[in-house]
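Shown next, in structure tokens, is the structure this report addresses.
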Number of protein chains: 4
Amino acid sequence: MRALVALAAALATTLAARPAAVADPRARDLGIPFAFGRPGAWNAITDVPGVAVGHVTLVQGDSVRTGLTAILPRGRGEDATRPCFGAVFALNGNGEMTGTEWIRESGLVEGPILLTNTNSVGVVRDAVIAYAARRWPPKPDGDWTVWSLPIVAETWDGTLNDIYDPHVRPEHVTAALDGATGGPVAEGNVGGGTGMVCYGFKGGIGTASRVLAATAGGYTLGVLVQANHGRRHQLLVAGVPVGEELREGAPPGEEMGSILIVVATDAPLLPHQLERLARRAALGLARTGSVAGNGSGDLFLAFSTANPRVGESEGTVPLTMLPNDRMDALFEGVVGATEEAIVNALVAARTMTGFRRRTVTALPHDRLRELLQRHGRLGTP
Amino acid sequence: MRALVALAAALATTLAARPAAVADPRARDLGIPFAFGRPGAWNAITDVPGVAVGHVTLVQGDSVRTGLTAILPRGRGEDATRPCFGAVFALNGNGEMTGTEWIRESGLVEGPILLTNTNSVGVVRDAVIAYAARRWPPKPDGDWTVWSLPIVAETWDGTLNDIYDPHVRPEHVTAALDGATGGPVAEGNVGGGTGMVCYGFKGGIGTASRVLAATAGGYTLGVLVQANHGRRHQLLVAGVPVGEELREGAPPGEEMGSILIVVATDAPLLPHQLERLARRAALGLARTGSVAGNGSGDLFLAFSTANPRVGESEGTVPLTMLPNDRMDALFEGVVGATEEAIVNALVAARTMTGFRRRTVTALPHDRLRELLQRHGRLGTP
Amino acid sequence: MRALVALAAALATTLAARPAAVADPRARDLGIPFAFGRPGAWNAITDVPGVAVGHVTLVQGDSVRTGLTAILPRGRGEDATRPCFGAVFALNGNGEMTGTEWIRESGLVEGPILLTNTNSVGVVRDAVIAYAARRWPPKPDGDWTVWSLPIVAETWDGTLNDIYDPHVRPEHVTAALDGATGGPVAEGNVGGGTGMVCYGFKGGIGTASRVLAATAGGYTLGVLVQANHGRRHQLLVAGVPVGEELREGAPPGEEMGSILIVVATDAPLLPHQLERLARRAALGLARTGSVAGNGSGDLFLAFSTANPRVGESEGTVPLTMLPNDRMDALFEGVVGATEEAIVNALVAARTMTGFRRRTVTALPHDRLRELLQRHGRLGTP
Amino acid sequence: MRALVALAAALATTLAARPAAVADPRARDLGIPFAFGRPGAWNAITDVPGVAVGHVTLVQGDSVRTGLTAILPRGRGEDATRPCFGAVFALNGNGEMTGTEWIRESGLVEGPILLTNTNSVGVVRDAVIAYAARRWPPKPDGDWTVWSLPIVAETWDGTLNDIYDPHVRPEHVTAALDGATGGPVAEGNVGGGTGMVCYGFKGGIGTASRVLAATAGGYTLGVLVQANHGRRHQLLVAGVPVGEELREGAPPGEEMGSILIVVATDAPLLPHQLERLARRAALGLARTGSVAGNGSGDLFLAFSTANPRVGESEGTVPLTMLPNDRMDALFEGVVGATEEAIVNALVAARTMTGFRRRTVTALPHDRLRELLQRHGRLGTP
């Protein structure tokens, strides 16, 4: 039965996600220019080899507008149990990300990263442990299973989603993990981003990537955001303060939202270097206009898929490190890809009506292009 | 039905707790000396006015040995919704404490602190939100309820408890919160500490306090620990390396455990000063012999019940601050009370048999007294 | 003799600084638009009541192009010995700022903040102690003087300045401190910024401010930067990537520089809130295009002049706090003022030839205006 | 001339240091027991291969009682320019250690660590740069020399030393660096520790080491302290509260002092692992009774001499890492060696009279042994 639910959910996700990923325009398709190098094949976090993403999107009736997104740094096969080096940075800690104390201490990301709504962090967290215990049962002598301190983060979708009613359930965690794949990543109103709001427009999931020049090592860096932050007047696209002109449907008042940013790379970075990378995500966010408002939970995580043996516990472990002196191309990459992932989320999201008949409008593509054109910032798609 | 379960659980807790609190000897009763001043009336975290503690102890059949402990900084009445200034310190982050990003950012502890087992953090976390939403429903315009980023921490009781079977449920959270009181605090095999192991002896909950001299402000400082850490040969009591001699039943191998330390005070400290206080808990822990092993989740939290208006959001808030120059007495207090709370946990805990018929032995009082006597360290109880 | 040197140096500074402050155009005078509110009377850090700034500019012969800038949070009168609440944030720690350990621990900025070149941090630091000991001699019982852990920060001016020859001397510290005043602040090639380079153009000192709306408390926030960071192709002005077009004189290679950002406010913020403010300076920096390159020492400090009694050591101290919920206007202010201060530094700096006959070109005002005009981003000055 | 001064100073140091290192009893020689394994050949930080220590001791007339101590992680030969992985931890930041921002950012310790008095940090810092620039001149194209962000830390010797008169000069830095060697390390009233006070007794420099069992990797870990901290009643030796009984000459009042702790190891630890090691030094300090008083600058630094290529800037760098799971033996080692180094400082220091005819008494060996004997804690030397 559980397996059936999982299958159905995964299927639903795939069906929902496919069209968005394949046919809908992304920010570059609209001619929006971005800085700092060129993207990978999918312009997605999945351009980093091995990284898999799974969405479960829950849109039911009038008031369920939520979901969850799973990122598996080393995919969903047996490599899933291998830790990665990782690090976190809190630009503004008005949010939850479980597992951060151990990431900070150990330098390791052990297991998947799950993004969901604020009130579902707990159920998702415990379900990750249960999933791991089923799949890789702890030894009879009472050892821990893998994934004992899961990484689950949230943003608040209570504007469009009936968040105090618990809709995200353990079987959705199974579906997201078992359904995770490489390749194109659905954006906008999907997964954990389903009900999110960004600069007063409909927000959600966005992703982008950069491939470094061969002289800089040829590494790939990908970013995935769950964008639920910002106030309308702050919005910048390609440096143009479009939020000051696109005033339609702008909600009043203070920022209630948050943004989660996950950065993946195959560059061989150590934990303290990944913390540097995570910190730079703030600079990409700033290029879209955010000031990291008091109510915003701006929590960033970076991991490296290089160094497959970092989780070993015997002997000593051979590693490779990129020198600090060679990190600037990655710094530019994370800034550029973060900015682009946020705009991708805005471009992909669709107008949504949900809880209490509230409607949040999508960023109007035509009006946006017109404004960029007027500012000499519209490129050839 | 829910209320009934809650009532029953609270009752069970009270019954279980009472004898321990009233009749059983505590460390001082055995003549063990402690440094740095004198304790308050209960020698417990509840000596800090307003602080309430509630335990739910789950001991069922052969393999359920777990529970949870709730600490309400401002009690369980309507003041429960008033934030306190607070701070956290991770001596070794191999553990989970949810809510820490917001504590670090805001300087606030908003709501109760719950201690439970590793695999129950999620269910407890979501249940705290649900409890708050029931008791203080969010406004119809979609605002957050209070307690939206709950603080839930854990240590691992998988040695004695069948931890992969979920025994802690939402109704236990309600029972712990609704059953919290001031006054004496049950120690040892109760609440979140039910199945814990400390220096290879049976561990669990312990508490202690210090009242500062009037010249130092007369403030009260209390500590509560969930002690599940350390290896036998490391154990010091009153500076005597008793762990090297008390070798009975010492489990082999590396440290699997952790210690949670919660520090409360009515001294008017700001968040950065409370972080200083939390950091000193490490020095008290060190006096019992711990080296904060790699496997130990040593997460500490400190809060101040002074300054009742810190959570206001309009205008400006009048505060009082104790100068840094006057903090030394509190530093001594937290070191002394932490050391004593840990020894209290060891003294109160009883030999327990649980999961897979494993038995963990209690610290033998007589042998301990004999050793201290031999080292000229036994005082008059 | 010492007094004479001090006087002469202060005089030289005043003379050098005056024309720049009064007559030369600043960024707004060129029609460059900036976000997030309106500046104060001087559009300078000195708009925060009490804050004083003193520059000593050392331009001698072919190869001396350096200096130092002193910021006195409470001016240079007797209030100078009163600490402020303060905090630091390291966006990229490739630089020196002395005194940060105590700021982090105590939450206090005790004394002036001095900005100079990399190799002069030591002499300036010890000279601050000597200055304080002369002016406020320690008591005969051996107590510390005030200012025992001075705050001295640096950026590298070795491109234009013969930095391995020690040109900054103790008497310059005296001159900077004794010459500090409120009112307009000289920008560009002055003080610690004399020999600095920014985005491959001549950089240096810049400043700006914001005055919050009365509904947001009416507080003032000011920023002063010593700008020595960035690579040409990264430069954004008003969101326009002008660095990609203004290629004249762009030095090749990686970033060698750094930026120091000092944020002052009269809003009553606690230390942890000031850390939040300092962190947001990164977002303002990002709006000028920086990615905080590996070689860049990007160290930020924020202080509040409110709460004059924070340094008292007896009894308890009454304070006022702005709630976290009311900080968003300050967050916008620090982002806006930081962006503007950096552009002010670029606009004020003049082409300079120095060490080894190297020349660094000023940002060409006309070309810049032309580019902004073309992108619909030039306002009426 | 400079060379001559250097030679003389080094000679003076050597002469002063030799007898102490060779003939005087250390803590173990008195029969004081210490936990956690066995020391290396010298029971000193220099047991870590390559580490060199140089003292310059300045004792002149009635009021000069100061000096400096240099620790060169890779000795004073050409390897001195190779960085190490390193990390810092501030238990209580009431002190100065320059260079910490870059250590935190880069994970590197680049160059020597110098310990001196509070008011001489600046002169020592600039002198390190000057030394490096003389020995390894920067390239003509204006590059930085090595050691551009020196690491210089301090404790306050103003009780015995006329600290406002500048006695430490650049030539002493040269002497300390050029005179650094491996082998035995002088303790007590030498180098930076010359005028220091510890628990109200004469303090100063102390050192100790641990060699891990072959099964734990056989690594060596060494600690060097400049001990100037604590109040008399707090002092514990071997767990015995001797400070409560040894009241002779105890100065009244609050803690004015500080302790610097430097940890060296040849275990292949990454920067985040070294931060873990540095943090554990606090636990060793706690075992001597300190509560890290408000006035104490308790700054700790750890470095690893493994991985000689960490400072390279081309390509990628091959590294070796000790797994987190194998760090417990190092954690025990750093706790044990820190405790022992502090007691070694107390045992080695001699009664000193200095500034304003103040006298600080040495820890009386006989009385100490008598107290330990009485508590069954005196072993066979």
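Chain D has one residue whose beta-carbon comes closest to the axis relating it to chain A; that residue and its distance in whole Å are D:LEU319, 2.
Annotation for D:ALA250, label-to-label distances across the other copies: 3.3, 6.7, 6.9 nm (shortest first, one decimal, point 7 Å from Cα along Cα→Cβ). Projecting 7 Å from Cα along the Cα-to-Cβ direction, the label point of A:PRO318 sits 0.6, 6.9, 7.0 nm from its equivalents in the other copies, listed shortest first. Computed over neighbours whose Cβ is under 9 Å from that of B:THR305, the net charge equals 0, Lys and Arg +1, Asp and Glu -1. The orientation-averaged projected area of the convex hull spanned by the Cα atoms of region C:70-222 comes to 11.1 nm². Please state, rounded to one decimal and in Å, the Kirkwood hydrodynamic radius that the protein assembly as shown gives when every pair of distinct Cα atoms enters the mean of 1/r. Value: 32.5 Å, from the Cα pair sum. Placing B:SER120, B:SER63 in order of accessible area, with the largest value first and a 1.4 Å probe, yields B:SER63, B:SER120. Just want to confirm a number: the relative contact order over region D:260-330, from Cα pairs under 8 angstrom separated by 6+ residues, in percent. Relative contact order for region D:260-330 comes out at 48 percent. Compactness check for region C:107-169: Cα Rg over 2.2 N^0.38 Å is 1.31. An ellipsoid equivalent to region B:116-206, defined through the eigenvalues of its Cα gyration tensor, has semi-axes of 29, 15, 10 Å when rounded to whole angstrom and sorted largest first.
Hey, what did chain C get for relative contact order, percent, Cα under 8 Å, at least 6 apart? Here the relative contact order equals 25 percent.
On chain D, 54 percent of the accessible area sits on carbon and sulfur atoms, based on a 1.4 Å probe.
The Cβ shell under 12 Å around C:ALA153 holds other residues with a net charge of -3, Lys and Arg each +1, Asp and Glu each -1. Pairs of Cα atoms nearer than 8 Å and 6+ residues apart set the relative contact order; for region D:118-268 it is 19 percent.
For D:LYS202, the lysines whose Cα falls under 28 Å of its own Cα, not counting residues fewer than eight places away in the same chain, are C:LYS139. Summed over both chains, the contact between A and B buries some 3300 Å² of accessible surface at a probe radius of 1.4 Å. Over the heavy atoms of A:TRP144, what accessible area does a 1.4 Å probe trace out, to the nearest 10 Å²? Taking all protein chains as shown, A:TRP144 has close to 60 Å².
Charge tally around A:ARG210: other residues with Cβ under 13 Å, Lys/Arg +1 each, Asp/Glu -1 each, net -3. Take the Cβ atoms of C:ALA250 and C:ASP165, set R0 to 35 Å, and the FRET efficiency comes out at 0.80.
Considering all C-alpha pairs of region C:32-160, those separated by over 26 Å amount to 31%. Across identical copies of the chain, A:GLU370 has label-point separations of 3.2, 9.2, 9.6 nm, listed in ascending order, with the point defined 7 angstrom from Cα along Cα→Cβ.
Evaluated at q = 0.11 Å⁻¹, the base-10 log of the normalised Debye intensity for chain D, with identical point scatterers placed on the Cα atoms, takes the values -0.68.
What separates the Cα centres of region A:260-332 and region C:335-380 is a distance of 32 Å. Rounded to the nearest 500, the 222 nm mean residue ellipticity of chain A from helices alone is -8500 deg cm²/dmol, with -39,500 (n - 2.57) taken per DSSP H run of at least 4 residues. Rounded to the nearest 0.05, the FRET efficiency derived from the C-beta distance between A:ARG367 and C:ASP325 at R0 = 30 Å is 0.40.
Ranking of C:ASP178, B:ASP366 by solvent-accessible surface, largest first: B:ASP366, C:ASP178 (1.4 Å probe, protein heavy atoms only, all chains present).
The mean number of partner chain beta-carbon atoms within 10 angstrom of a residue's beta-carbon across peptide D:114-122 is 4. Within region B:263-381, the ratio Rg/Rh, alpha carbon atoms throughout and Rh by Kirkwood, equals 1.11. Measuring heavy-atom accessible area with a 1.4 angstrom probe and counting protein chains only, the residues of region C:273-313 that give up at least 20 Å² relative to the chain alone are C:ARG276, C:ARG279, C:ARG280, C:LEU283, C:ALA286, C:ARG287, C:VAL291, C:ALA292, C:ASN294, C:SER313.
Spatially, region D:135-196 and region A:134-200 are offset by 54 Å when compared through their Cα centroids. Based on protein heavy atoms only, region D:194-262 ends up with 24 Å² per residue of surface accessible to a 1.4 Å probe.
The values are calculated or read from the model by the stated rules, or taken from the named source; none is laboratory data. Just so you know, these numbers come straight off a predicted model, no measurement behind them. Don't worry about glycine lacking a Cβ; one is built from the backbone with ideal geometry, like all the others, and counts go over all protein chains shown. Surface accessibility is based on the protein's heavy atoms, side chains included, excluding ligands, DNA and RNA. Shrake-Rupley method; radii C 1.70, N 1.55, O 1.52, S 1.80 Å.
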